[in-house]
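Below is one structure, written out as structure tokens; the observations come after it.
The values are calculated or read from the model by the stated rules, or taken from the named source; none is laboratory data. The shown structure was predicted, so the numbers you read here are calculated from the model rather than taken from an experiment. Using ideal geometry, Cβ is built from the backbone for each residue, glycine included, and neighbour counts are taken over all protein chains shown. These accessible areas exclude ligands, DNA and RNA; they are computed on the full protein's heavy atoms, side chains included. Shrake-Rupley method; radii C 1.70, N 1.55, O 1.52, S 1.80 Å.
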Amino acid sequence: QVQLVESGGGLVQAGGSLRLSCAASRSIFSFNPMGWYRQAPGKQRELVATITRGGTTNYADSVKGRFTISKDNAKNTVYLRMNSLKPEDTGVYYCFADTAEARSWGQGTQVTVSS
């Protein structure tokens, strides 16, 4: 099991930017993939972005061109850079990591985009 701690959420106006961080309790080198989900009030959890061990990225159609996922293996951290934020991006953002044993989740960080 790996512990994941998200940070970087907050309140931002539409059109603004935020960068989320997800720090792991151990090396992320072998995790495949890592990524971010989000959950808006009253809605199901939605996959936002993933990054594989080799660095291949994938995005939900709703965030393509605006969000960028990256990782720093030396810092055991995955990032989600969010630009041109929209009110519909509001929600709790959860980091996850797939290890050989199981999927681990962070506790979530709130992102609120005001119009």
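Let me spell it out: the conditions are (1) loosely packed, with under 15 Cβ neighbours inside 10 Å; (2) out of contact with any Asp or Glu (no Cβ under 8 Å at 6 or more places or on another chain); (3) polar (S, T, N, Q); (4) under 23 Å from Gln3 (Cα atoms), and Thr99 meets all of them except one. Which number is the exception? Condition (1) is where Thr99 drops out.
Residue-level check: of (1) under 15 Å from the mean Cα position of the chain (by Cα); (2) at positive phi, Gly42 misses just (1).
Please verify whether segment 46-60 includes one or more residues that are modelled with pLDDT of 95 or more, more than 26 Å from Gln3 (Cβ to Cβ) and either open to solvent by 50 Å² or more (accessible area, probe 1.4 Å) or not in a strand (DSSP E or B) (or both). No, because not a single residue in segment 46-60 is modelled with pLDDT of 95 or more, more than 26 Å from Gln3 (Cβ to Cβ) and either open to solvent by 50 Å² or more (accessible area, probe 1.4 Å) or not in a strand (DSSP E or B) (or both). From the list Ala40, Ala49, Ala74, the lone residue that is free of Cβ contacts under 8 Å to residues at least 60 places away in the same chain and within 17 Å of Thr112 (Cβ to Cβ) is Ala40.
Of all residues in segment 1-34, those satisfying the criterion of being under 17 Å from the mean Cα position of the chain (by Cα) and on the phi > 0 side of the Ramachandran plot are Gly8, Gly10.
For segment 14-34, the condition of being surrounded by fewer than 13 Cβ atoms within 10 Å (Cβ to Cβ) and outside any loop (DSSP other than H, G, I, E, B) holds for none of the residues.
Yes or no, residue by residue, for (1) open to solvent by 50 Å² or more (accessible area, probe 1.4 Å); (2) touching a strand residue (DSSP E or B) at 6+ places or on another chain (Cβ under 8 Å); (3) closer than 21 Å to Ser27 by Cβ:
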position: Asn73; (1), (2), (3): yes, no, yes
position: Val78; (1), (2), (3): no, yes, yes
position: Leu85; (1), (2), (3): no, yes, no
position: Arg103; (1), (2), (3): yes, yes, yes
position: Gln110; (1), (2), (3): yes, yes, no
position: Ser114; (1), (2), (3): no, yes, no
